[in-house]
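K.L.:
Quick one: this structure, given as structure tokens, is what I'll be asking you about.
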Amino acid sequence: MSIRDANVVIIEVSRTVVRAGLGLHDLLKTPTVEIPARVGLRRNALGDNSESQLNGGLHGSDEPLASTSRATSAFPQMASPTAAVKDYLVGSQLDEALANGQDIVVSWPFADGGVNDWTQAEAIWKYVLFNQLQRRRVQNESPILFSITAGASRDTYERICQIFFERFNVAGFAILERPMAQLYAANSLSGVVVDIGDEVTDITPIYDGFILHNARSSVALGIRHCQNYVANLLRANQFVVNALSPPENPLDPKTLHDTLLELVKQLWKEDHIKIPSDGETALPEDEGVMDIAAVVVAGREKAVIESTQKKKNATKQTEAERKRERDVEAMDLITVQFREHSLTIGKERHRFCEPLFDPSLLLDLPGTAALNPALEKPLALQEVVGHVVNQTEVDQRQYIWHGLFVTGDITRHIKGIGVALQSRLASFINNPDLLTDIQPRSIRVLSVPEYYAEYQQTGNGYAAFLGSSITAKIIFSEPNGRNFVSKADYTLKGPHSIIEMTPSLL
């Protein structure tokens, strides 16, 4: 079959986010659709049995409530056996209903890494495909490259394949596991992928293009733990607390904490956080003789003039003004606009990722129990990564250590997490008692190459989508089409055809 690049659809499904895009271009594009991987159901649509099963749920709020069963249960996974696909609200429909204060039960069907409810999953995929990407079921000419969390069963593969062919009438279908797609984006076939999510971080070792499933692991630490940690640190900033909760009209403790969490989320979303790591040095100031010709060719005349004028003005400053500037620089202060307030934040914001490397900081911290109450003896991220790699074959480890790839939405805004993790993993390869040819001697940090122009400003956050796009460009252009399921293949073999003809299971 002949497939046009313009019709190819990429759908990436993580635990808490679904991303999608239409068309493959010479310059691979970032996703055009990005929605929370959640559905909403009006409470009056629930059956009596479903109502009694609710454990908290959501009442007109988009913040998930925690249960006491497992780490990921902060994202409720409520199933209603009587609800149909059309009953669920997704995307902007759900956002509007929550904003209007409607009584909505929100569920996250992919929060545990699999598919918890097939009707809810179908509602999300249908919304993305037909509402957001404007595909038409009657004449759907789009093949789908579907990227999903690693470790799904073959029954899950077959069920997904069946839904897309029989319910959505797609022209072709292939499944790729997200860690493999993420490593493809870094131009490598071996490595360990560290995917930092909202509440769970997945660690996946890969050797020579194959995921080592027996060594995969996850740790109940993520972005929300880091947000909670910094929110508690900001309580010591009286300027911030007094601005948000004036003494004459103070907020109750829960409202204040929720407000601080929102502030911290804004800080990292606006790229105000930097992760210090060993070996970092400040960039040197420009000194010496100025090359005027080079400045003119580079078009930097105006910038140089302004810089020179600033230096001249600096010489006229009083000693007190210079001291104040040095103090401000040393304190690393920034001013951010939050709601109607102008807040000055110090360098405590740079401690954002400390809980990942030292989870003991979270113990007895207000708000931690609501995230994952079972977190009694947490393991640090570097310990879990080291343990995962040590579960692989000895002769594979040096190749895996040469591909440390840290990804997740957080890496779009906070740079240097990979380097920070690298420095903390050194103890796992420094073994003077075992000096052999297969002994790992170094750890190499991977990142998305700069030649992907559309991804230069996105860090590693869209790695799964980029890797899926690369894979789609290859498999859907193959003349024999052996790496995806066509309509003819599905008609002949049914859902089982995905087991024989997909990049994930070859």
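K.L.:
Taking segment 155-266 on its own, what percent of its Cα-Cα pair distances exceed 25 Å?
P.N.:
53
K.L.:
Mind scanning LYS126/LYS473; LYS86/LYS473; LYS415/LYS473; LYS274/LYS473; LYS29/LYS493; LYS29/LYS415 and naming the pairs with a C-alpha gap bigger than 27 Å?
P.N.:
Check vs 27 Å cut-off fails for LYS86/LYS473; LYS415/LYS473; LYS274/LYS473; LYS29/LYS493.
K.L.:
Would you mind estimating how fast segment 409-494 diffuses translationally, via Stokes-Einstein at 37 °C and 0.692 mPa s with the Kirkwood radius over Cα pairs, in µm²/s?
P.N.:
The diffusion coefficient I find is 194 µm²/s.
K.L.:
Carbon-plus-sulfur fraction of the accessible area of segment 165-224, 1.4 Å probe, in percent?
P.N.:
Exposed carbon and sulfur together represent 39 percent of the surface.
K.L.:
For VAL85, what is the net charge nearby, where nearby means another residue's Cβ is under 12 Å from its Cβ and Lys, Arg count +1, Asp, Glu -1?
P.N.:
My count for the surroundings of VAL85 gives 0.
K.L.:
Using the Cα centre as the reference, give the magnitude of the dipole from point charges on the C-beta atoms of segment 102-228 (Lys, Arg: +1; Asp, Glu: -1; all else neutral), rounded to the nearest 20 debye.
P.N.:
360
K.L.:
Shifting gears a bit: Give, in nm to one decimal, the length gained when the segment between ASP271 and ARG154 is fully stretched (0.36 nm per residue of separation minus the Cα-Cα distance).
P.N.:
My answer for the length gained is 38.1 nm.
The values are calculated or read from the model by the stated rules, or taken from the named source; none is laboratory data. On a predicted model such as this, the values are computed, not experimentally measured, just so you know. Cβ: placed from backbone, ideal geometry, glycine included. Neighbour counts: every protein chain shown. Please note that ligands, DNA and RNA were not included when accessible areas were found on the heavy atoms of the full protein model with its side chains. Shrake-Rupley method; radii C 1.70, N 1.55, O 1.52, S 1.80 Å.
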